[in-house]
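Notes follow once the structure below has been shown.
The values are calculated or read from the model by the stated rules, or taken from the named source; none is laboratory data. If you're wondering where the values come from, they're calculated on a predicted model, not measured in any experiment. Using ideal geometry, Cβ is built from the backbone for each residue, glycine included, and neighbour counts are taken over all protein chains shown. To get the accessible areas, we keep the full protein, side chains included, count just its heavy atoms, and leave off ligands, DNA and RNA. Shrake-Rupley method; radii C 1.70, N 1.55, O 1.52, S 1.80 Å.
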Amino acid sequence: MSEKNSPRKVDKIVAVKGMNDILPPQSAAWETLESLVRNLMRRFAFENIRTPIVEPTALFVRGLGEVTDIVEKEMYSFEDRLNGEALTLRPENTAGVVRAAVEHSLLYGGPKRLYYMGPMFRHERPQRGRYRQFHQIGAEALGFGGPEVDAEVILMAHMMWQELGLSDIELQINSLGQPEERQLHRNALIAHFELHEAVLDEEAKRRLHLNPLRLLDSKNPAMQGVIEAAPKLIDLLGLESKAHLDAVTRLLECHGVPYRINPRLVRGMDYYNLTVFEFVTTKLGSQGTVCAGGRYDYLIEQIGGKAAPAVGWAMGVERVLELLQESGRDLSLPALDVYAIILSAEYMATVMPVLALLRQAGLSVQMQASNPEGMPSLKSQFKRADGSGARFAFVFGPDEQASRQVTIKSLRNSEVPQVTISLSDVAKWASQHTTKV
Ligand code: ATP
Ligand code: MG
């Protein structure tokens with residue numbers, strides 16, 4: 001572009017704080033993880049669901065609970081400019097999936113196993129493992145009440161760690177009981193914290209009578225002692241709730257899945273009851289929870305559907321990828337198969353159909369393109385071919401062009417001899433050199 005036509009230089013525009021670009025080669029690890037998860041979901045008979053990123057604000061206020069960190073301080077909420085509708089960028093997707101299931105009567109024909117992947121938005125302080133736009137992969141089993149499905153979704157996550165080659169992830173489980181048991185616990189909590197009001201911070205004092213369970217979630221170091229001493233819901237569980245928890249852990253034991261009962265485990269949303277769980281690693285500093293979930297038997301009704309039990313989890317994609325990196329696991333895709341070295345732009349009409357044949361056969365091919373001066377020198381193209389990581393170079397030079405041939409050179413293995421083959425034999429060569437992805 002000439003000087004005269006170039007746009008005026010303006011201040012650089014950069015991404016919003018806490019919202020990241022996912023660039024190659026890192027994006028390849030994302031794609032690999034996503035396809036592994038799709039494969040896993042298929043084996044557990046979970047079907048994909050895709051819901052909007054923007055939802056009515058009321059969905060989250062009603063679904064997650066008014067006095068929760070997410071609803072009180074973390075939501076990106078705004079008014080629709082045209083009609084004043086209160087909207088929110090989804091901070092999580094269980095409420096959205098339930099909304100969609102109710103809206104489209106998905107449970108009409110029986111229970112449903114659904115999964116999703118996508119971005120979520122929370123206005124938090126950005127730090128390692130904590131972003132303002134982050135990604136979750138989630139599984140929701142809607143319409144299932146029995147403990148075997150709690151166990152099944154937990155097993156699914158466990159299998160995922162195994163297939164990713166991740167160890168050092170601890171499964172912690174707790175039970176939040178049923179509403180009556182929570183009421184008992186709530187009263188006991190209020191009494192306990194009232195006795196220790198002096199150590200409570202302002203937020204805790206404000207929440208004490210609104211939602212005392214939330215105090216247990218506080219990260220304030222000064223309050224940890226009194227939180228530690230607070231009455232535990234697990235001690236107040238009735239027989240049925242206890243039996244549910246026992247059945248879940250028994251099934252996990254059958255599969256040899258290790259777990260630890262953590263009576264202090266509470267979740268950030270109000271919709272949970274009975275089983276709650278987290279998969280936690282010590283390898284990621286304080287953002288160690290890579291996957292979390294539980295049972296939410298009252299949410300569907302709360303969002304306006306016919307009452308039905310449900311259980312699910314959500315995994316933090318960034319944290320899992322970081323853990324993979326920490327653990328030295330490389331998820332990047334296999335390298336390129338072929339780099340096409342082309343010595344004159346005039347050969348393109350011959351070359352490009354040959355590359356199409358390779359691609360149709362499943363090989364990945366990078367074509368050398370021209371620059372304003374024409375095609376780069378042979379030496380510079382070989383350098384790029386080497387740098388690309390490709391297994392083979394296909395060389396299209398003047399001799400090859402004249403004889404309708406191509407010279408194939410292995411770039412990774414010097415013992416494989418260089419060959420020159422007829423273009424009509426390329427499809428056969430390709431079928432002998434496809435890699436299993
Ligand atoms: P935390 O206690 O770390 O704030 P949470 O209880 O708010 O987590 P959930 O709402 O249960 O998290 O979300 C499930 C998973 O999503 C978390 O275990 C975590 O892996 C991931 N996650 C949650 N918030 C973020 C974030 N801001 N950035 C990156 N990942 C996140
Ligand atoms: Mg949080």
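Of all residues being of a type in the set (A, V, I, L, M, F, W, C) and part of a helix (DSSP H, G or I) in region 75-108, which is most open to solvent (accessible area, probe 1.4 Å)? Just the residue, please.
Val102
Among the candidates Arg50, Arg90, Arg62, single out the residue that is farther than 15 Å from Met120 by Cβ and among the basic types (Lys, Arg).
On the way: Arg50 fails: farther than 15 Å from Met120 by Cβ; Arg90 fails: farther than 15 Å from Met120 by Cβ.
Going through Arg50, Arg90, Arg62 in turn, the sole match is Arg62.
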Problem - Qualifying residues in region 46-73 (those that are away from ligand 1 (no atom under 13 Å from the Cβ) and basic (Lys, Arg)) - the one nearest to the chain's Cα centre (by Cα) - result: Arg50
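Consider Glu140 carefully, then state whether it is more than 29 Å from Met159 (Cβ to Cβ) and of a type in the set (Asp, Glu).
Spelling it out, it is not the case that Glu140 is more than 29 Å from Met159 (Cβ to Cβ) and of a type in the set (Asp, Glu).
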Exercise for the section: With the condition kept exactly as written, say whether any residue in region 336-356 is under 28 Å from the mean Cα position of the chain (by Cα), of a type outside the set (Asp, Glu) and surrounded by 15 or more Cβ atoms within 10 Å (Cβ to Cβ). Expected result: yes
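Looking at Arg122, is it within 15 Å of ligand 2 (Cβ to nearest atom), touching a residue at least 24 places away in the same chain (Cβ under 8 Å) and either surrounded by 22 or more Cβ atoms within 10 Å (Cβ to Cβ) or within 21 Å of the chain's Cα centre (by Cα) (or both)? So that I can check it myself, show each step before the final result.
On the way: within 15 Å of ligand 2 (Cβ to nearest atom): yes; touching a residue at least 24 places away in the same chain (Cβ under 8 Å): yes; either surrounded by 22 or more Cβ atoms within 10 Å (Cβ to Cβ) or within 21 Å of the chain's Cα centre (by Cα) (or both): yes.
The answer is yes for Arg122.
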Exercise for the section: Could you tell me which numbered condition Gln172 fails, if it satisfies all but one of (1) touching a helix residue (DSSP H, G or I) at 6+ places or on another chain (Cβ under 8 Å); (2) among the polar types (S, T, N, Q); (3) within 16 Å of ligand 1 (Cβ to nearest atom)? Expected result: (1)
Completion exercise
With criteria (1) free of Cβ contacts under 8 Å to residues at least 24 places away in the same chain; (2) closer than 15 Å to Ile303 by Cβ; (3) in a helix (DSSP H, G or I), Glu72 comes up short on (2)
Practice task
Please enumerate the residues belonging to region 125-157 that are within 21 Å of Val98 (Cα to Cα), within 13 Å of the chain's Cα centre (by Cα) and not in a strand (DSSP E or B).
Solution key: Ala157
Practice task
Only residues that are modelled with pLDDT of 95 or more and part of a loop (DSSP other than H, G, I, E, B): list them for region 331-360, please.
Solution key: Asp337, Leu343, Ser344
Practice task
Would you check which residues across region 384-409 are touching a Ser or Thr at 6+ places or on another chain (Cβ under 9 Å) and part of a loop (DSSP other than H, G, I, E, B) and list them?
Solution key: Ala390, Arg391, Gly397, Arg404
Fill in the blank from the handout: The correct count of residues that are farther than 30 Å from Leu284 by Cβ and open to solvent by 70 Å² or more (accessible area, probe 1.4 Å) in region 161-185 is 3
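Within the group Val280, Val276, Val248, which residue is over 14 Å from Ile169 (Cα atoms) and within 16 Å of ligand 2 (Cβ to nearest atom)? Let's see the steps before the verdict.
Details: Val280 fails: over 14 Å from Ile169 (Cα atoms); Val248 fails: within 16 Å of ligand 2 (Cβ to nearest atom).
Selected residue: Val276, the only one of Val280, Val276, Val248 that is over 14 Å from Ile169 (Cα atoms) and within 16 Å of ligand 2 (Cβ to nearest atom).
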